[in-house]
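The next block holds one structure in the form of structure tokens; read it before the comments.
Just so it is clear, none of the values below were taken in a lab; they were calculated from the coordinates. All figures in this text were calculated on a predicted structure; none of them were measured in a lab. All Cβ positions, even for glycine, are placed from backbone atoms using ideal geometry, and neighbour counts span all protein chains on display.
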């Protein structure tokens, strides 16, 4: 009976260790996919956040067009890449993506679910998106996508007043 109990204890210990080995990579994947959160107040210094596009979900499923009629293009993740909380109204805010020349897109939803801003290219020569606008106090969800499906591009998101 003693050997049986000892065996069960060893078996449980081994199973727990193996469970930990399997769970660790899942934890790392979840952490890598987590969005960054930023809180900004008037007078903030320019702020940046990095990321990588995960181009499998059509961003047009979130919104086909934005508030000004611009098409919402690209592929990203179902969950936002960044969450931006503005503590006051901003009369001028610029949110820009730099992917080193890759073709990326930008979708910003908030502070309510009906206000959406989208951009594909900042200009004819710049394939990265940029949005300049007034932004009301509140929380915004930000998706950075790849223009092509399954596109993976590293980027920096820069926010300036």
Part-to-part distance (alpha-carbon centres) for region 138-161 and region 72-99, which is given in Å: 7 Å
Highest to lowest packing among 60-70, 121-131, 106-116, 135-145, scored as the average C-beta count within 10 Å: 135-145, 106-116, 121-131, 60-70
Fraction in percent of alpha-carbon pairs per bin - 10 Å, region 36-160: 14, 51, 31, 3
For region 31-88: relative contact order, % (alpha-carbon pairs under 8 angstrom, 6 or more apart): 51 percent
